[in-house]
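Written below as C-alpha cells is the structure these notes are about.
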Amino acid sequence: MKLIYQIILRVSVALVILLTAWAAFFYFALQTEINDEVDDALENYSDMIIMQVLAGEKTLSSGDGSNNSYQIKEVTREYAESRSAISYTDAKIYIPRLQDTEPARILKTIFQNDSGVYFELTVATPSFEKEDLRNSILNWIIVLYVTLLLIIIGINTWVFYRSMRPLYTLLHWLDDYTVGGENKLLKNDTKISEFKKLNDAAIRYARRTEQLFDQQKQFIGNASHEIQTPLAVCQNRLEWLTDNTELTEEQLVEILKTRQTIEYIVRLNKSLLFLSKIDSGQFTDNVSVNMNELLERQLDLYKDIYSYRNIKVELEKRSQLIVDMNESLATALVTNLLKNAYVHNSDNGYIRIITDASGIMFCNGADSGALDGERIFDRFYQGSKKKGSTGLGLAIVKAIGQYYGIEVDYRYVGGEHRFILSWNKLP
C-alpha cells in the first residue's frame with residue numbers, strides 16, 4: 001500500500017472514532033442541558049401551585065393558554081413515604097388545546113398541608129421529541145463527517161505531496177538509474193535537512209557502486225585475459241608434443257586426457273566470466289531481436305550436431321516474437337537451451353520448438369525421466385550433469401531470464417522435457 005493511502009486510511013479511521021464519540025457526547029450533553037432548563041421551569045411552576053394550595057388561594061387553571069398542565073390528588077401517608085418527594089420522568093401526554101399526544105417532561109411533587117394531609121402534584125410541560133433530535137444530530141454528523149473527511153483528505157494529500165516531493169524525485173531518479181550507463185545528475189533542491197542527507201547518501205552510494213562496477217569490469221577483463229592466455233599456451237604445447245615427438249600409446253592417451261581437461265577449464269572459465277558479466281549488468285546495449293530468425297540461424301548451425309545422433313528438429317512458428325534485449329544474451333539464451341535439448345535427449349530422438357507472441361517452448365524426448373525442477377538451474381548442479389558439461393548452461397539461462405524479467409520454467413509432461421520462456425506471462 002502506498003504511503004498516501006495508508007495515511008488517508010488511518011486519518012479516516014481516527015475521524016470515525018472521534019466524530020462518533022463527539023456525536024454521542026454532544027447528544028447527551030444537549031439532552032441534559034435541555035432537561036435542566038425544563039426542570040427549572042417545572043420546579044418554578046410547581047412551587048407556585050403548591051404555595052397557592054397551602055395559602056388556600058385559587059390555583060391557576062390548567063387551561064391558562066399555555067401547554068402546561070397539572071393535577072393534584074390526595075394520597076395516603078404510606079404512599080407518600082414510599083415515594084420520592086420530587087421525581088422527574090419523560091412520557092407522552094394528551095394536550096387538549098392541540099388535540100394531540102406530545103412528549104412531555106413530568107415533575108411529581110409530594111407535599112403536606114397544615115392539617116397533615118398528603119398531596120401529590122403532577123406538573124407536565126411539552127418537551128422536545130428525542131427521536132427527532134437524535135435523527136437531526138445524526139444527519140448533521142454525517143454531513144459534518146463527510147465534509148471534514150473530504151477537507152482533511154484534500155489538505156493531507158496536498159501537504160503530503162508538497163512535503164514529500166523531494167522523496168518522490170529521488171525515487172524516480174533511483175528507478176531510472178542504471179549502473180554503468182549514462183545517468184542524469186540528481187536535481188533535487190530542498191530545504192528539509194533529512195531529504196538533503198538522503199540525497200547526499202544516494203549520490204554517495206551511487207558513486208561507490210560505479211567504482212565497484214568499474215573494478216569488477218576490470219577484474220573480469222583481466223581474469224579473462226590472464227587465465228585464457230596460459231590455458232591457450234598449454235593447449236599449444238600439448239599439440240606440439242603430439243605432432244613433433246614420438247610418444248607411446250599410453251603417453252598419447254594421457255596427453256589427450258590432459259587436453260580434454262584444459263578444454264573443459266577453458267569452457268568453464270568462459271561460462272563463469274559470462275555469468276559474472278550478466279550479474280554485474282555489463283550488457284546494456286539492447287536492440288530489437290527477432291527470436292524466430294535467431295532460432296532459425298542457430299538451428300542451421302546445430303543441424304550437423306543433431307544429425308550425428310539422428311535427432312529430428314521441428315520449429316513451429318505460431319507468431320512472431322520480437323523482444324528488446326542484448327543480442328549476445330539473446331543468442332546465449334537460445335544456444336544454451338538448444339545444447340540442453342541435445343544433452344538431455346536420446347539417439348533417434350526429437351526436439352520441438354514452439355514460438356508465439358508470449359514466449360518460446362523447447363520440448364525434447366527424455367532419455368532418463370524428469371529432471372529436478374528445483375535444482376537444475378543451480379550452478380554446478382551434478383544431478384544429471386553429462387560428461388564434458390560445465391553444469392552452467394541452465395544457470396546462464398536463468399541469469400539472463402532474471403536480468404530481463406523473463407520467466408524460465410521447467411516441466412516434465414508426457415515423457416518429454418519442456419523449458420518455457422515467458423516474456424508475457426499468461427494467467
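The values are calculated or read from the model by the stated rules, or taken from the named source; none is laboratory data. Everything numeric here is computed off the predicted structure, so don't read it as measured data. Every residue, glycine among them, receives a Cβ derived from its backbone with ideal geometry; neighbour counts consider all protein chains shown. Calculation scope for accessible area: heavy atoms of the full protein, side chains included, ligands and nucleic acids excluded. Shrake-Rupley method; radii C 1.70, N 1.55, O 1.52, S 1.80 Å.
Of note:
- Between Thr258 and Phe160, the simple spin-label model (points 7 angstrom out along Cα→Cβ) gives 7.2 nm.
- Residues His172, His344, sorted by accessible area with the largest first, give His172, His344 [1.4 Å probe; ligands and nucleic acids excluded].
- Per-residue accessible area (protein heavy atoms, 1.4 Å probe) orders Ser163, Ser358, Ser307 as Ser307, Ser163, Ser358, starting from the largest.
- Among the trypsin sites (Lys or Arg not before Pro) in the stretch 271-326, those placed in a DSSP loop whose Cβ has at most 14 other Cβ atoms within 10 Å are Arg309, Arg318.
- Computed FRET value (nearest 0.05) for Leu198 with Val13, which takes r as the C-beta separation and R₀ as 35 Å: 0.75
- Three-way shape label, the chain, alpha-carbon gyration tensor, a/c 1.5: prolate
- Over the chain: helical MRE at 222 nm, DSSP H runs n ≥ 4 each giving -39500 (n - 2.57), nearest 500: -20000 deg cm²/dmol
- Carbon and sulfur %, accessible surface of the chain computed with the full protein complex present, 1.4 Å: 54 percent
- Cβ-Cβ distance of Asn183 and Asp347, R₀ of 51 Å, FRET efficiency by 1/(1 + (r/R0)^6): the value works out to about 0.45.
- To the nearest 10, the accessible area of Asp409 is 50 Å² with a 1.4 Å probe.
- Angle between the chain longest axis and helix 3-55 axis [Cα atoms, degrees, rounded to 10]: 10 degrees
- For Lys108, the aspartates and glutamates whose Cα comes closer than 12 Å to its Cα, not counting residues fewer than 8 places off in the same chain, are Asp39, Glu43, Asp47, Asp90, Glu120.
- Excluding same-chain neighbours fewer than eight residues apart, the aspartates and glutamates reachable from Lys270 by a Cα-Cα span under 15 Å are Glu226, Asp279.
- Of all DSSP beta bridges in the chain, antiparallel share, percent nearest 5: 90 percent
- Exposed-loop-free span, longest in the chain, where GluC sites (Glu not before Pro) count as exposed if DSSP calls them loop and at most 13 other C-beta atoms lie within 10 Å: 247-373
- Integer Hz, Karplus 6.51/-1.76/1.60 couplings in order for the stretch 196-211, x for Gly and Pro: 4, 5, 5, 4, 4, 5, 5, 5, 5, 6, 5, 5, 5, 5, 4, 4
- Candidates Tyr264, Tyr88, Tyr404, ranked by Gaussian network fluctuation over the chain, Cα under 10 Å, top entry: Tyr88
- Residue with peak Gaussian network fluctuation, the chain [Cα springs, cutoff 10 Å], from Asp132, Asp175, Asp378: Asp132
- Gyration tensor verdict on the stretch 209-280 (Cα atoms; rounded if a/c is under 1.5, prolate if a/b is larger than b/c, oblate otherwise): prolate
- Amide H contacts under 5 Å for Gly359, placed H, 5+ residues apart: Trp423
- Computed E for Leu150/Phe213 - FRET, C-beta separation, R0 45 angstrom, nearest 0.05: 0.35
- Among the lysines of the stretch 287-423, pairs that are 8 or more positions apart or on different chains and have alpha carbons within less than 15 Å of each other number 7.
- For the stretch 247-325, a/c is not less than 1.5, where a ≥ b ≥ c are the root eigenvalues of the C-alpha gyration tensor, and a/b does not top b/c. That puts it in the oblate class.
- Taking every protein chain into account, the accessible area of the chain amounts to 63 square angstrom per residue (probe 1.4 Å).
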